Amino acid sequence: MQAALLHADWDPRPGYKPDATELATGKARMASAVWRRPRLSPVTLPDPSPGPGEVVIAVRACGVCGSDTHCVETDDDGYVIFSGPARFPCVLGHEYAGEVVAVGAGVRHLRVGELVAAEGMLSCGGCEACRSGLPNQCAHLDMVGFSSPGAYADFIATGERRCWSLDRLADRLGGAQVAAELGALIEPVGCAYNGIFVAGGGMTPGSHVAVFGCGPIGLGAIALARATGAATVFAFDPSPARRAVALALGADGAFDVTVDRDGAANPAAILRDQTHGWGADVIVEAAGAARVTMPWMEAALAPAGKIVYLGRTGERAPVMLDVLVSGASCIVGARGHAGGGVFPRIIRLLEHGRMDLSPLVSCRMPLRSAADAVERSRSRVDAKIMLVGDHV
């Protein structure tokens with residue numbers, strides 16, 4: 001099969017000492033501390049075979065994630081920007097959907113020909129975090145496309161328990177490919193769902209919501225907030241194209257975060273003005289720029305407000321804890337999209353027409369052009385670049 005494989009050099013930063021587990025597994029806990037000089041290139045690999053409890057999926061659609069972009073982008077010293085766990089070489093790609101083409105021993109619920117979307121968080125199921133219902137915090141977590149083979153490939157093998165049927169969605173929409181593309185969006189939107197509704201404890205209907213960063217996760221947060229009863233939703237991003245998508249997904253206003261340069265009001269002042277002084281009840285940080293956004297978010301929090309932090313960065317950010325005390329507010333971190341009913345509930349919203357994610361896809365490219373697609377993603381113009389497989 002054809003695939004896009006990322007190579008990088010294991011070269012720990014000066015002063016960083018990999019621990020015994022990192023050395024034994026070759027998986028860095030923080031990729032940006034170890035992996036240097038990344039190279040993404042097309043390769044030919046053997047087709048995967050299903051193990052016990054596994055299925056093989058012919059990839060119909062796979063989204064290009066900002067984390068994929070961060071795996072090829074580097075700092076001035078040549079280290080990747082991605083701050084999550086990673087083991088290279090690895091086939092990239094974790095936002096995918098496709099058709100089951102083979103099933104392994106013990107598979108009970110899926111059949112050949114079924115259209116599915118699949119989770120990318122590969123929890124072990126046996127550690128205390130997993131058994132406590134926290135699969136995204138698994139002590140032995142592997143991640144599709146970072147430390148386990150990904151979906152920038154013709155085929156991918158994964159566990160049946162991580163797959164969710166899209167057949168009813170395809171029936172409603174009248175086609176497998178459109179359903180597969182929506183299915184590939186469930187992963188990034190699922191990260192927002194997990195942050196707001198699982199880790200963050202939910203959102204009260206009638207809330208004022210603000211989203212910093214209109215990449216796919218931030219845009220997913222906008223769509224979810226609108227679908228679940230937000231009174232207002234405001235978005236902030238420097239990209240005019242992404243702000244336009246935010247409006248298409250239901251944002252009441254989309255503002256340039258560079259307004260300070262023009263001498264205009266800053267985002268916190270905009271939010272206070274738009275909410276008649278109340279502020280934002282829920283603020284989603286999906287920009288990965290907390291050093292810049294945190295002062296704005298603190299200044300915009302409504303009483304008992306909540307910051308949901310989803311944007312990964314390897315940098316520390318300033319936090320005025322007294323603001324949280326005075327306002328009875330909180331900051332919640334969240335990683336991943338597995339568990340918590342995330343995938344099936346998003347699928348239900350799509351199946352019943354409660355949420356339309358189609359405006360998210362701004363560009364389609366062939367799956368075999370994955371390296372070019374990741375390069376394009378570095379411009380931060382597109383909302384979601386969707387790679388389309390040869391199996392359509």
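Coordinate-derived values only; no laboratory data. Because the structure is predicted, anything quoted here is derived from the model rather than measured. All Cβ positions, glycine included, derive from the backbone under ideal geometry; neighbour counts span all protein chains shown.
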(request) Return one quarter of the surface area of the convex hull spanned by the alpha-carbon atoms of the range 201-333, equal to its mean projected area, in nm². (result) 7.5
(request) Name the residues whose placed amide hydrogens come within less than 5 Å of the amide hydrogen of ALA254, ignoring near sequence neighbours (fewer than 5 apart) on the same chain. (result) ALA235
(message) For a quick check of your reading of the filter: which GluC sites (Glu not before Pro) in the range 302-375 sit in a DSSP loop and have no more than 15 other Cβ atoms within 10 Å?
(response) GLU315
(message) What distance in nm lies between label points placed 7 Å from Cα along the C-beta direction at SER326 and LEU247?
(response) 3.5
(request) Find the relative contact order for the range 269-313 and round it to a whole percent, using C-alpha pairs within less than 8 Å whose residues are 6+ positions apart. (result) 47
(message) On a straight-distance basis, which aspartates and glutamates could pair with LYS306 in a cross-link, Cα separation under 18 angstrom, same-chain partners fewer than 8 positions away excluded?
(response) ASP281, GLU285, GLU298, ASP322
(message) What value in Å³ per residue do you get for the convex hull of the alpha-carbon atoms in the chain?
(response) 140
(message) Could you tell me how far the Cα centroid of the range 39-90 sits from the Cα centroid of the range 192-221, in Å?
(response) 26
(request) Please work out how much length the chain gains when fully extended from ARG364 to ARG131, using 0.36 nm per residue of separation minus the C-alpha to C-alpha distance, in nm with one decimal. (result) 80.0 nm
(request) Please list, or write none, the lysines whose alpha carbon is within less than 25 Å of the alpha carbon of LYS27, excluding same-chain residues fewer than 8 places away. (result) LYS17
(request) For TRP278 and ARG111, calculate 0.36 nm times their separation in residues minus their Cα-Cα distance, and state this gained length in nm to one decimal. (result) 54.9 nm
(request) Give, in whole angstrom and from largest to smallest, the semi-axes √(5λ) of the equivalent ellipsoid of the range 285-392, with λ running over the eigenvalues of the Cα gyration tensor. (result) 34, 20, 12
(message) Restricting to Cα pairs below 8 Å that are 6+ residues apart, what does the relative contact order work out to for the range 201-333? Please round to a whole percent.
(response) 22
(request) Output the antiparallel fraction of DSSP beta bridges having both residues in the range 201-333, as a percent to the nearest 5. (result) 0
(request) Before anything else, pin down the relative contact order of the chain: Cα pairs under 8 Å, at least 6 apart, normalised by residue count, whole percent. (result) 18
(message) I'd like the FRET efficiency for ALA227 and LEU23, computed as 1/(1 + (r/R0)^6) with the beta carbon distance as r and R0 of 45 Å, rounded to 0.05.
(response) 0.50
